[in-house]
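The values are calculated or read from the model by the stated rules, or taken from the named source; none is laboratory data. Note that the coordinates shown come from a computational prediction; the quantities given were computed from them, not determined experimentally. Quick reminder, even Gly has a Cβ in these numbers, built from the backbone with ideal geometry, and neighbours come from all protein chains shown. Note: areas computed on protein heavy atoms with side chains; ligands, DNA, RNA excluded. Shrake-Rupley method; radii C 1.70, N 1.55, O 1.52, S 1.80 Å.
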Amino acid sequence: MRNNEAAARHHRLIYLLNVAQRRLQRWMAAQPSSEVTPAQAGLLFILGRQDGVLMGEAGAALDMGPAGISGLVDRSAAARLVERRADREDGRAWRVWLTPKGRGVLAQAKTDAAAINAALTEGFTAAEIDVVARWLASVQDKFPRARDSED
């Protein structure tokens, strides 16, 4: 079933999505237990699943371009959360690895994420959350990332 155009305008989806994203990012960054930015936490989650990923793969997983992932890795390395090493097979490529400090911060980030997800889903049924998740995922398909974007 499709929403009619008037109903879709009434919901102000663009506005609501942007405000929700900004508020959540700010709230997460302001938490005393948060040693990392949401973007750094995202990188740690990726490395927690597969340590030593190529920077390009990490960037793709986080929907970031080369400049964006390079800056994120630089900031994370400066915080001693990750280290960047040249790929053994391709000297032009770099891989990113968790440090011991990064592993500890990742454990806290997982705990924090579970609490945030619980707060985000409170008051909604599993079926409602499934619809929201499907809708949010569809945005990525409907509006693919520009290949030349540098974020």
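See the values below:
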| quantity | calculated |
| --- | --- |
| Residue list for the stretch 12-46, filter: β-branched (V, I, T) and open to solvent by 70 Å² or more (accessible area, probe 1.4 Å) | I14 |
| Hits in the stretch 43-58 (condition: of a type in the set (G, A, S) and at pLDDT 95 or above) | G48, G52, A58 |
| Lone unmet requirement of (1) under 15 Å from L106 (Cβ atoms); (2) acidic (D, E); (3) modelled with pLDDT under 90 for E83 | (3) |
| Count of the stretch 81-99 residues which are surrounded by fewer than 18 Cβ atoms within 10 Å (Cβ to Cβ) and closer than 14 Å to F45 by Cα | 2 |
| Those residues of the stretch 57-70 which are of a type outside the set (A, V, I, L, M) and surrounded by 15 or more Cβ atoms within 10 Å (Cβ to Cβ), in sequence order | E57, G59, G65, G68, S70 |
| Residue in the stretch 76-96 that is part of a helix (DSSP H, G or I), among the aliphatic types (A, V, I, L, M) and touching a residue at least 24 places away in the same chain (Cβ under 8 Å) present | no |
| One residue from A78, A115 being within 21 Å of P32 (Cα to Cα), modelled with pLDDT under 95 and open to solvent by 60 Å² or more (accessible area, probe 1.4 Å) | A115 |
